[in-house]
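Colleague: One structure is given below, represented as C-alpha cells, and several questions about it will come after.
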Amino acid sequence: MDVNKIRLIEHNTAVVANVLNVVTLAIGQVAGKQVQRKLDEETVSDEALTSLVAARLKNTLKL
Amino acid sequence: MFNPSVLAEAQALATSTAERGIAINSVQESFLDNLVNLSHNSLDTQVTSMDEAGTRFERSSSYGDPELACATHTAFTDESALAVAEIASRNILVARTDALPLIGQVMEQFEQIINPDIPYAYRKRSVVPVAFHPLWSSEYVLGVGDTYADGGDAGQVPAGLILSADEEQFTNFLELTKTGLPAVDAQLANLLSGYEDEDLRRLFKDVFSGGHLQVVRGPYSLTEGWVNDQILIHVWARALADKSPSKSSHNLASYRTGLATIVERSGNNIWHINKIRSNCAEGGVIVLAYAGDTIHVHSDIYTEWLKQEGAGNCPEVVLGASLLTGQLRPATGAELTASGEALVGKWNDYVSVSSRTEQENLNAQARIELFRLIRTHVDKRLAEGLVPVYEDAMAVLNDSIERLKTNFIKDPYEPIRDIILDVFYAGTEVKMFVMAMDEIEEDDDDLEEEEIAFLAVVNYLTDWAACLLVKKSGQL
C-alpha cells in the first residue's frame, strides 16, 4: 500500500469532515426551525443535508 | 465528534481526490485549520488499509487523553458553528429585509423609466394597400363619376344641414344607403358591413352637420377609408334629398341646395378617384401617395407587381423609395423594379443605422437614469445614516456605471442587483447570499420562497467555507 496515498486520504478526510461538520451545524443554527420542520417532514434528512453540502463543496472547488 | 453521514461523505470525497493526487488543505491559521489540528493526528504507520486510514483520525489524539481531545474538538466545533451562524444570520437578515426590497424597488423604478423594447422609427414606416371595393368597377359608380366630372366648382358644403336632434331619424344606415337598384344595394350593404356603426355616425355627422367634405387633391388623398366614404356620402345625400328634417339651421330650399352641393362634390370626388384608378392601371402606378411614414399603394397593381417572378420586387423596394425626396421617388412598378436592388440596399442601411443609433441613445439614457436613480437612494440612505461614507458609495457607483456592458438593458436585473449590493453593502457578505438565492431560483422557479431561502443558506455557507480551503496537487 502506498503510504503517501493513505496519508493523503487521512489528511483530506480530516479537512473535509471538519468543513462538513461546521457547515451543517451552522446551517442548522441559521435555518433553525425551518430545518427542523424539514427534518420532521423527512424532506431534508441529516444525510441529505450533508450530501447537499458535500456536493456543493465538490462543485465549487472542482474536486 | 463526527456523525456517520459526515464521515461517509468526507471519506468518499477524500478518497476520490487522493486517487488523483489532490490534497485539500485548510487556509493556515484559520479557525478551520485549528479544528483540523484538533481532530487530526499523524498516521499510525501500522495502519495499511485505506478504509481504516479514512476514519483513523477520529480515534487519534495528539493530546494524550482521547476523551479530552474529543471534548475539546467538539466544543471548538460548536463554538465555530455558532459564530459562523451568527454572522450568516445577520447577513441573511439584511439581505431579506433590506437588500432584496431595495433591489426590487430600483428595478421597478428603472423599468418605469426605460423600456428596452425600442419603438424603432423604421417600424412605423409601412406600405398600406388601398383596396378598391368591387363597387368601384360597377356601372353605377362609373356613371356617377361621369355625371359629375365637372362638379369640382360646387360651392362650400354648409354646416348644420342636419342637427343632432334629427340625426336619429336618418341614421338607419342600412335603410339610408339605398339607390333602388337591387344589385348596387346588395354591394352597398356589403360595403357597409365593413364599417363600425360608430364610424358611420361620425362620418354622417362630419358631413351633414359639420359641413366637412374634402375634395380629392391628388393621388395622396386616396386612403382606403376615405375613398369608400365618398360612395356612402354620395348615396346618403341623394337619399336625404327626399326627406326633410324637422330641425335644421336651414329652410327647405337651403337644405336641398346644401344636399345638392354634397351630391355634386362627392360625385366629383368619385370621378377623380375613377380617373386616378384608370391612370394607375394604364401607367402601372403602384404608389398612390408617400404620406410620411405611410406609403399608400394601389392594392391590385401592387399585388401583381409583387408576383412578378425574378424581378426582385418586395415591400423593401417601396420602403427604400420612400426614403428618397420629392420628384426622385418612383411611383410606377417599372421604375421601382429598375432601381429595386439599390432601394432595398438603401432601406437596409436605413434600418441598420437608425436602429443602431436609437439603441445607442437608449443605452446612454439608461446609464444616466440608473446613475440618477441609485444616487437618489444614496442621498436618502445617507440622511437615514445607512451609508457610512458618501464618497466611498459614490466612487463605487461611478465605477460600476462605468463598467456596465453597453447593452445591459436587455437583461438589467443582474447588473442593477450587483451595483446596489456593491454600493450599499460593501464589506459584508450580503451579496453572496442574494446571489445564492438568485442562482437557486434560476435553476428551479417552482420552489417556494422558504425553500429558496433554505437552499441559499446551504450554498452561501458552503461557498463561504470553500474559501477556507486550498487545493494542491499531491502535497500535504
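Colleague: Residues of the stretch B:8-31 being hydrophobic (A, V, I, L, M, F, W, C) and buried (at least 21 other Cβ atoms within 10 Å of the Cβ), which ones? Give the derivation first.
Modeller: Applying the first criterion (hydrophobic (A, V, I, L, M, F, W, C)) to the stretch B:8-31 yields B:8, B:10, B:12-14, B:18, B:22-24, B:27, B:31.
Correct list: B:10, B:13, B:14, B:18, B:24.
Colleague: Look through B:299, B:254, B:266 and report the one residue that is surrounded by fewer than 19 Cβ atoms within 10 Å (Cβ to Cβ), polar (S, T, N, Q) and out of contact with any strand residue (DSSP E or B) (no Cβ under 9 Å at 6 or more places or on another chain).
Modeller: Only one candidate passes the filter, namely B:254.
Colleague: If I ask for residues that are at the interface with another protein chain (Cβ under 7 Å from one of its Cβ atoms) and either under 18 Å from residue A:57 (Cα atoms) or at pLDDT 80 or above (or both), which ones from the stretch B:23-49 would you list?
Modeller: Passing the criteria: B:23, B:24, B:25, B:26, B:32, B:35, B:36.
Colleague: Next up: Provide a single number: the residues in the stretch B:207-246 that are under 38 Å from the mean Cα position of the chain (by Cα) and either outside the structural domain of residue B:262 (by TED's automatic domain parsing) or at pLDDT 90 or above (or both).
Modeller: Initially, the stretch B:207-246 is screened for residues under 38 Å from the mean Cα position of the chain (by Cα), giving B:219-229.
When the remaining residues are screened for being either outside the structural domain of residue B:262 (by TED's automatic domain parsing) or at pLDDT 90 or above (or both), the result is B:228-229.
Going through the stretch B:207-246 one residue at a time, the tally reaches 2.
Colleague: Which ones in the stretch B:182-197 are modelled with pLDDT of 90 or more and either farther than 18 Å from residue B:139 by Cβ or touching a Ser or Thr at 6+ places or on another chain (Cβ under 9 Å) (or both)? Full working, then the answer.
Modeller: Initially, the stretch B:182-197 is screened for residues modelled with pLDDT of 90 or more, giving B:182-196.
Those that are modelled with pLDDT of 90 or more and either farther than 18 Å from residue B:139 by Cβ or touching a Ser or Thr at 6+ places or on another chain (Cβ under 9 Å) (or both): B:183, B:184, B:185, B:187, B:188, B:189, B:191, B:192, B:193, B:194, B:195, B:196.
Colleague: Are any residues in the stretch B:126-143 in a helix (DSSP H, G or I) and under 18 Å from residue B:268 (Cβ atoms), and if so, which ones? Break it down stepwise before answering.
Modeller: Looking only at the stretch B:126-143, we keep the residues that are in a helix (DSSP H, G or I), and these are B:134-137, B:139-143.
If the condition is that a residue be in a helix (DSSP H, G or I) and under 18 Å from residue B:268 (Cβ atoms), then B:135, B:136, B:140, B:141, B:142, B:143 are the ones that fit.
Colleague: Also: Condition first: outside any loop (DSSP other than H, G, I, E, B), over 31 Å from the mean Cα position of the chain (by Cα) and in contact (Cβ under 8 Å) with a residue 40 or more places away in the chain. Now tell me which residues in the stretch B:310-345 satisfy that. So that I can check it myself, show each step before the final result.
Modeller: Keep residues of the stretch B:310-345 that are outside any loop (DSSP other than H, G, I, E, B), which gives B:315-321, B:326-328, B:332-338, B:340-345.
Filter once more, keeping what is over 31 Å from the mean Cα position of the chain (by Cα): B:326-328, B:332-338, B:340-342.
If the condition is that a residue be outside any loop (DSSP other than H, G, I, E, B), over 31 Å from the mean Cα position of the chain (by Cα) and in contact (Cβ under 8 Å) with a residue 40 or more places away in the chain, then B:332, B:333, B:334, B:336 are the ones that fit.
Colleague: Next question, about the same structure. Looking at the stretch B:284-306 only, could you name the residues that are more than 21 Å from residue B:325 (Cα to Cα) and charged (D, E, K, R)?
Modeller: Within the stretch B:284-306, B:300, B:304 qualify.
Colleague: Okay, next question. Assuming residue A:45 fulfils every condition listed in (1) modelled with pLDDT under 90; (2) within 7 Å of chain B (Cβ to nearest Cβ) apart from one, which condition is it?
Modeller: Of (1) modelled with pLDDT under 90; (2) within 7 Å of chain B (Cβ to nearest Cβ), only one is false for residue A:45: (2).
Colleague: Right, another one. For the condition within 14 Å of chain A (Cβ to nearest Cβ) and not hydroxyl-bearing (Ser, Thr, Tyr), what is the one hit in B:438, B:399, B:443?
Modeller: On the way: B:438 fails: within 14 Å of chain A (Cβ to nearest Cβ); B:399 fails: within 14 Å of chain A (Cβ to nearest Cβ).
One residue alone meets the criteria, B:443.
The values are calculated or read from the model by the stated rules, or taken from the named source; none is laboratory data. What you see is a predicted model, and the numbers here were worked out from it, not measured in a lab. Here Cβ is always computed from backbone atoms with ideal geometry, including for glycine, and neighbour counts include all displayed protein chains.
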